[in-house]
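Beneath this line is the structure, given in structure tokens, with notes to follow.
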């Protein structure tokens, strides 16, 4: 560790007392970037050697002369944390019903998000173990029990007593409406949230 400046950088140099394999690097600096566009600009101008490209900017990769784009699949899966307790600001009392969560899942267009928002750099998931990177734990025989189909999702809700009233599904005077909160700072997250909203309104 050589030094750091809050919200600016961390700098590392080789430890002369280390008795393992010697590094070929004289220094490694981790720079803070204020946005995905500033990081893209740093790559474009050659100010950094390695960086991340937000999926929304993949179409502009031709501007990065001499930069090799390599997909990196993290050992992870994305999900929406649903408040099933019925307590708290904006909480609803029907999320604790499995059929409701199943209907919402039918409104999640994973393949559409991967194709149109992530330029193909992504893989759909139906469990906590991702199919990428390749591993021996992922069960290839698993099938998606609730594939994308807003129409089937609405049909499932209607089978449990929800009826369309003035453009809103309603049951016993309760409207199927809720607040969806998502993190800011990444354009891709915002676009995904907007797509979810559109599909859930179908």
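The values are calculated or read from the model by the stated rules, or taken from the named source; none is laboratory data. On a predicted model such as this, the values are computed, not experimentally measured, just so you know. Note that we place each Cβ from the backbone using ideal geometry, even for glycine, and neighbour counts take in every protein chain shown.
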Original post:
Is it true that residue 94 is assigned to a loop (DSSP other than H, G, I, E, B) and modelled with pLDDT of 90 or more?
Top reply: yes
Subject >> Failed condition for residue 90, given (1) under 19 Å from residue 170 (Cβ atoms); (2) exposed (fewer than 13 other Cβ atoms within 10 Å of the Cβ); (3) in the same structural domain as residue 187 (by TED's automatic domain parsing) >> reply: (3)
**OP:** For the range 69-83, indicate whether the set of residues that are in contact with a helix residue (DSSP H, G or I) (Cβ under 8 Å, 6 or more places away or on another chain), surrounded by fewer than 16 Cβ atoms within 10 Å (Cβ to Cβ) and over 23 Å from residue 157 (Cβ atoms) is non-empty.
**Re:** yes
Original post:
Any residue at all in the range 99-107 that is more than 20 Å from residue 190 (Cβ to Cβ), surrounded by 16 or more Cβ atoms within 10 Å (Cβ to Cβ) and over 21 Å from the mean Cα position of the chain (by Cα)?
Top reply: yes
**OP:** Please name all residue pairs, on different chains or six or more residues apart, with Cβ atoms under 8 Å, provided the first residue is in the range 43-71 and is within 14 Å of residue 122 (Cβ to Cβ) and the second residue is loosely packed, with under 12 Cβ neighbours inside 10 Å.
**Re:** 53/69; 58/69
Original post:
Just a yes or no: is a residue in the range 119-142 assigned by TED's automatic domain parsing to the domain that holds residue 186, surrounded by 14 or more Cβ atoms within 10 Å (Cβ to Cβ) and either assigned to a helix (DSSP H, G or I) or in contact with a strand residue (DSSP E or B) (Cβ under 7 Å, 6 or more places away or on another chain) (or both)?
Top reply: no
**OP:** Can you give me the number of residues within the range 160-179 that are in contact (Cβ under 8 Å) with a residue 60 or more places away in the chain and either farther than 21 Å from residue 90 by Cβ or touching a helix residue (DSSP H, G or I) at 6+ places or on another chain (Cβ under 6 Å) (or both)?
**Re:** 1
